[in-house]
Amino acid sequence: MNLISYWQQTSDRTIVKSADLPTTSDVVIIGAGVHGASAAYYAAKLAESTGQQVTLLEQELPAFGASGRNGGFISTGTADGYASTAKRVGRDVAKHILTLSMRTRGLIQTALSEDNIKCDYRITGKINYALSEASFANMRTSAQMMREDGLDIEMLDHKELQKLVDTPLSEEIEGGKYVASDGLLHSAKFVVGLVAAAQKHGATICLNTKVTGMSAASTTVNIQTNRGNISAGAVIVSVNAWSSTVLPKLKDLITPVRGQILSYVPIAPVLRQGMGVEVTPTGEYWQQTVDGSIVIGGCRYDAPDREWNVLAEGLHDGVQTSIEKVLPRLFPRLGPLTIEQRWAGPMAFTPDYLPVIDRANELPNTWVSGGFCGHGMVFSLPFGQLLAQAALQNTTPSDLLPFRLSRPSL
Ligand SMILES: Cc1cc2nc3c(=O)[nH]c(=O)nc-3n(C[C@H](O)[C@H](O)[C@H](O)COP(=O)(O)OP(=O)(O)OC[C@H]3O[C@@H](n4cnc5c(N)ncnc54)[C@H](O)[C@@H]3O)c2cc1C
């Protein structure tokens, strides 16, 4: 068993060829996860008409971090419950986040068709199961608010859910919520596709290029890497769980949190939708991929420290064992499942469960994007588009204001 993820194993991350490090670039993006890849993609497209240079630096290969190790869900909404987000940061901000996430479906479809990105994207719908009356009632409150704010979301009882799922559900499932417009994709293929498209549109891609320091040099930023230095007119730091290693001031704001995950060998297609549940309070999620494999993660609650402050890749045996129990419990007739791979990935949490997308004021025209609290895939294209504009035009899009470092909830 190795720690390569199912997504990394089943994609070709070497199709993007690395370039020599330029000495200067108008915009430098650090990190080729889904957020850096998306920013590079939109920046390269914008720069085609302005002639600006765009460079993407990645310490390893594309999709090395969370983006290549996750559940592959494109789920609308906030990182934690909608009602609790609205309570914590205000209904307007919750609605803004929901609306941004709802933009994604159109952006994915456009990017995939315009740039021929193959990443198994499909609109499958997503089911979240409730295992108790209390959890069903909480879901109903959030669903009602999301419906009022524009999302088409249904609450279904056990019988109605059973009609959507081709294997008998455990009697303990009370009901759940269903979002028909949610989707699934192959995370690593998506990231590699965006990076390759950025390259096609003129971006310079430098892999195995680790940023080791940054300093202000008048109106530009001098970036030090293991392959030499590059001077940037603007910088987007998209390293999520690694944020404080690049920008130490973010240490108390963006905390790495490790997520455990595993995949089962392919079985006949039976689980069409993306699915989630709270067997443990920190949640579980799974999808059956197009080749029939099942990818399932969660159960972080069963680690003594909830995997808080862990950036290393290793496995937690107790969490892995808990994950193995989820599907047999919820789908008692699913049949024997054989584990194929186990891995872990670095999420990044903020104190108020909202990402940080803002200028890092200690450096000129430098933006930070990170802290997606285990729910970053759906925001990658809208934020990438906004950040590309912000960096190339040195403006602050108003859509990013709720994610500023100086917001009251931080
Ligand atoms: C187990 C797990 C399951 C998840 N499931 C889902 C899901 O189903 N749906 C969802 O929406 N979200 C999910 N998430 C969260 C989601 O994966 C993240 O929010 C998202 O991938 C973050 O993307 P990113 O580009 O910001 O960060 P990352 O993908 O972590 O990318 C950061 C990149 O920066 C690079 N880097 C770091 N330091 C440096 C440096 N010094 N120099 C150069 N490069 C550097 C890293 O190598 C890495 O490639 C999950 C996360 C995990 C870990």
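Obtain the radius of gyration and the Kirkwood radius of the chain from its C-alpha atoms and give Rg over Rh. All intermediate terms of the calculation are to be shown ahead of the outcome.
Working: Rg = 20.6 Å, Rh = 21.4 Å.
Rg/Rh: 0.96.
Against the longest principal axis of the chain, how steep is helix 187-200, in degrees 0 to 90 to the nearest 10, with axes from Cα atoms?
30
Could you tell me what percent of the DSSP beta bridges with both partners in the chain are antiparallel, to the nearest 5? Please report the intermediate quantities before stating the final value.
Values: 51 of 70 bridges.
Percent antiparallel among DSSP bridges in the chain is about 75.
Using Cα pairs under 8 angstrom and six or more residues apart, how large is the relative contact order of the stretch 1-122, in percent?
Values: 91 pairs, mean separation 26.5, N = 122.
In percent, rounded to a whole number, it is 22.
In degrees between 0 and 90, to the nearest 10, how far off the longest principal axis of the chain does helix 34-50 point, with axes built from Cα atoms?
Compared with the principal axis, the helix lies near 40 degrees.
Students often forget the sequence filter, so: which lysines lie under 30 Å Cα-Cα from Lys118 once same-chain residues fewer than 8 apart are removed?
Those lysines meeting the cut-off are Lys17, Lys45, Lys126, Lys177, Lys189, Lys200, Lys210.
Estimate the FRET efficiency between Ala180 and Leu3 by the formula 1/(1 + (r/R0)^6), using the beta-carbon distance for r and 41 Å for R0, to the nearest 0.05. Numbers along the way, then the final one.
Working: r = 35 Å, r/R0 = 0.85.
Computed FRET efficiency for Ala180 and Leu3 comes out at 0.75.
Share of the chain's accessible area from carbon and sulfur, percent, 1.4 Å? Write out the running numbers ahead of the final one.
Numbers: 8010 of 15870 Å².
The C+S portion of the solvent-accessible surface of the chain is 50 percent.
For the ranges 266-273, 345-352, what's the packing order if you count other beta-carbon atoms within 10 Å of each residue, average per peptide, and put the highest first? The partial results should precede the final answer.
On the way: 266-273: 15.8, 345-352: 22.0.
Descending mean neighbour count gives 345-352, 266-273.
Sequence gap at least 6, Cα distance under 8 Å: using those rules, report the relative contact order of the chain to the nearest whole percent. Write out the running numbers ahead of the final one.
Values: 962 pairs, mean separation 101.8, N = 410.
Result for the chain is 25 percent.
Just to verify a number: what accessible area does Asp120 come out at with the full protein assembly present, 1.4 Å probe, Å² rounded to tens?
Spelled out: Asp120, probe radius 1.4 Å, area about 50 Å².
Roll a 1.4 Å probe over the protein chains and send me the accessible area per residue for the stretch 123-163 in Å². Could the numbers behind the result be given before it?
Numbers: 2090 Å² over 41 residues.
In whole numbers, the stretch 123-163 has 51 Å² accessible per residue.
Helix 317-330 versus the longest principal axis of the chain: what angle, 0 to 90°, nearest 10, using Cα atoms?
Once rounded, the angle reads 50 degrees.
Applying a 10 Å radius around every beta-carbon, put 362-373, 41-52, 380-391, 128-139 in order of their mean neighbour count, most first. Can you show the working numbers first?
Working: 362-373: 23.4, 41-52: 19.2, 380-391: 25.3, 128-139: 17.5.
Listed from highest to lowest mean packing, they are 380-391, 362-373, 41-52, 128-139.
Tell me, rounded to the nearest percent, the portion of alpha carbon pairs in the stretch 33-105 spaced more than 17 Å apart. Can you show the working numbers first?
On the way: 1611 of 2628 pairs.
Within the stretch 33-105, distances greater than 17 Å cover 61 percent of Cα pairs.
Could you give log10 I(q)/I(0) at q = 0.16 Å⁻¹ for the stretch 290-410, computed by the Debye formula over C-alpha point scatterers of equal weight, without solvent?
-0.90
Taking 0.36 nm per intervening residue step and subtracting the Cα-Cα distance, what contour gain separates Asp252 from Thr99 on full extension? Present the calculation step by step, with values, prior to reporting the outcome.
On the way: separation 153, 0.36 × 153 = 55.08 nm, distance 2.83 nm.
Extending this stretch completely gives an extra 52.3 nm.
The values are calculated or read from the model by the stated rules, or taken from the named source; none is laboratory data. All values derive from a computational prediction rather than experimental measurement. With ideal geometry, Cβ positions are generated from the backbone for all residues, glycine too; neighbour counts draw on all protein chains shown. Note: areas computed on protein heavy atoms with side chains; ligands, DNA, RNA excluded. Shrake-Rupley method; radii C 1.70, N 1.55, O 1.52, S 1.80 Å.
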